[in-house]
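The values are calculated or read from the model by the stated rules, or taken from the named source; none is laboratory data. It should be emphasised that the depicted structure is a prediction, and the values quoted were computed from it without experimental measurement. Cβ: placed from backbone, ideal geometry, glycine included. Neighbour counts: every protein chain shown. Note: areas computed on protein heavy atoms with side chains; ligands, DNA, RNA excluded. Shrake-Rupley method; radii C 1.70, N 1.55, O 1.52, S 1.80 Å.
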Amino acid sequence: MNSISYPAFPVQCDIRVRQGDLGRNGAVSTVGMARWLEDARIRVTMPQFERLVGAGGFEPHQIILVSQSVQQLAPVYGTDADIQVRTGIRRIGRSSFTYAQAVFADSERVGGGGATVLNLGLAGPLALPDELIADLADLSVPDSSETAATRPATERRRRDHYAFFAALRARIGDVDANQHVNYLALTTWYDEAVAAFTTAAIGEDGPVPDLSPSSYRIDYLGEVTYPGEYEIGVRVRSFDVDAVRYELGIFGGSTCLGIADAVGARGVLSSGSLGPGGPR
């Protein structure tokens, strides 16, 4: 996790906890925390860039999500906590930039994450204009010179890399205004795949233990659309007495549309069910 202290974050945003943010155990889920991070990013203003766009001084473009991360550090129970998300810019590239974020509940740090977004034009990535760079510089945090995260290895895009698959169908409620499955909805798909893996690994009837991941690092490689039938591949990269580290990939046929790394509690999962790669 990013270890930036409070004064380094130039933007603070109060978040209201909703009932839908809570998971099965009554604490805020990882998907719920990812929603807080998104809410905070949306509220960050870029005044110089917004004036440029409003005056017609910049060509048609989209700001698209390339990757995101979220990590829970401590549980937040119920809906009464005072939540604040603190946001800054960690890295400024030629056509992309990366947010760094920290989540606090009643002044205690309980999580964090970030996201990388790309400035995309009709013909491909667009260089960030000077006005946007100036806005981002005003929001920068001390480690903004940090290099970008390494993209996953190419084998992660191959179906034969994964030991287990969970089939999922896109739902109309997953689709956003951009006419593709929303990235938060995709995070719930990864949760669903881990739950299916857990069920198969235990191999018993009855309630599925709540072993949902407490952290995700997700890369978006292509659009997931509706209608559509998809599969999520699951592979166990490693595990110890407390945690399981998963590699996940969303596939439409043979095409990989997204990749994720996740860490979840091991719980009752046996060594035999987790290696090599997990149940088949």
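What does the charge count around Arg16 come to, taking other residues whose C-beta lies under 15 Å from its C-beta (Lys +1, Arg +1, Asp -1, Glu -1)? Write out the running numbers ahead of the final one.
Details: positive: Arg18, Arg35, Arg43; negative: Asp14, Asp21, Glu38, Asp39, Asp80, Asp82, Asp106.
Around Arg16, the charge tally is -4.
So how far, in whole Å, is the C-alpha centre of the range 249-271 from the one of the range 64-79?
The two parts, judged by their Cα centres, are 17 Å apart.
Mind ordering 12-24, 89-101, 59-71 by average Cβ neighbours within 10 Å, highest first?
Values: 12-24: 14.3, 89-101: 20.7, 59-71: 17.9.
So the order, starting with the most tightly packed, is 89-101, 59-71, 12-24.
Tell me, what % of the accessible area of the chain is carbon and sulfur with a 1.4 angstrom probe? Working shown, then result.
On the way: 6710 of 13460 Å².
Of all accessible area on the chain, carbon and sulfur atoms account for 50 percent.
Return one whole number: the accessible area per residue of the chain in Å², for a 1.4 Å probe.
With all protein chains present, the chain gives 48 Å² per residue.
Using 0.36 nm times the number of residues separating Gln48 and Asn25, minus their current alpha carbon distance, what extension gain do you get? Present the calculation step by step, with values, prior to reporting the outcome.
Working: separation 23, 0.36 × 23 = 8.28 nm, distance 4.39 nm.
Between Gln48 and Asn25, full extension yields an extra 3.9 nm.
Starting from the Cα-Cα distance between Glu223 and Ala265, subtract it from 0.36 nm times their residue separation and give me the gain in nm to one decimal. All intermediate terms of the calculation are to be shown ahead of the outcome.
Values: separation 42, 0.36 × 42 = 15.12 nm, distance 2.97 nm.
In short, 12.2 nm is gained.
Can you give the calculated 222 nm mean residue ellipticity of the chain, where each DSSP H run of n ≥ 4 adds -39,500 (n - 2.57) and the sum is split over every residue, rounded to the nearest 500 deg cm²/dmol? Walk me through the numbers before you get to the answer.
Working: 5 runs with 55 residues, N = 280.
After summing the helix terms and dividing by residue count, I get -6000 deg cm²/dmol.
I need the trypsin sites (Lys or Arg not before Pro) found in the range 172-245, filtered to DSSP loop residues with at most 10 other beta carbons within 10 Å of theirs. Intermediate values should be presented prior to the final figure.
On the way: sites: Arg217, Arg235, Arg237, Arg245; in loops: none.
Taking the range 172-245 and a limit of 10 other Cβ atoms within 10 Å, no loop trypsin sites (Lys or Arg not before Pro) are found.
Can you give me the distance in nm between label points at Arg171 and Ile133, each placed 7 Å from the Cα along the Cα-to-Cβ direction?
4.5
Using θ = phi - 60° and the Karplus curve 6.51 cos²θ - 1.76 cosθ + 1.60, what whole-Hz ³J(HN,Hα) does each residue of the range 248-260 get, with Gly and Pro shown as x?
Here the 3J(HN,Hα) series is 10, x, 8, 10, x, x, 9, 8, 8, 10, x, 9, 9 Hz.
What GluC sites (Glu not before Pro) in the range 181-254 are in a loop by DSSP, with at most 16 other Cβ atoms within 10 Å of the Cβ?
Numbers: sites: Glu192, Glu204, Glu223, Glu229, Glu231, Glu247; in loops: Glu204, Glu223.
Filter output for the range 181-254: Glu204, Glu223.
Per residue of the range 203-218, in order, report the coupling 6.51 cos²θ - 1.76 cosθ + 1.60 (Karplus, θ = phi - 60°) as ³J(HN,Hα) in whole Hz, putting x for Gly and Pro.
x, 10, 6, x, x, 7, x, 7, 10, 4, x, 9, 8, 9, 10, 10
Once mean projected area of the Cα convex hull in nm² is worked out from the coordinates, which option in (i) 22.9; (ii) 13.8; (iii) 15.5 does it equal?
The calculated read-out lines up with (iii).
Treating only the Cβ of Lys, Arg, Asp and Glu as charged (+1, +1, -1, -1), what charge dipole size does the chain show about its Cα centre? Round to the nearest 20 debye. Intermediate values should be presented prior to the final figure.
Working: 25 positive and 33 negative charges, 109 e Å.
That gives a dipole near 520 debye.
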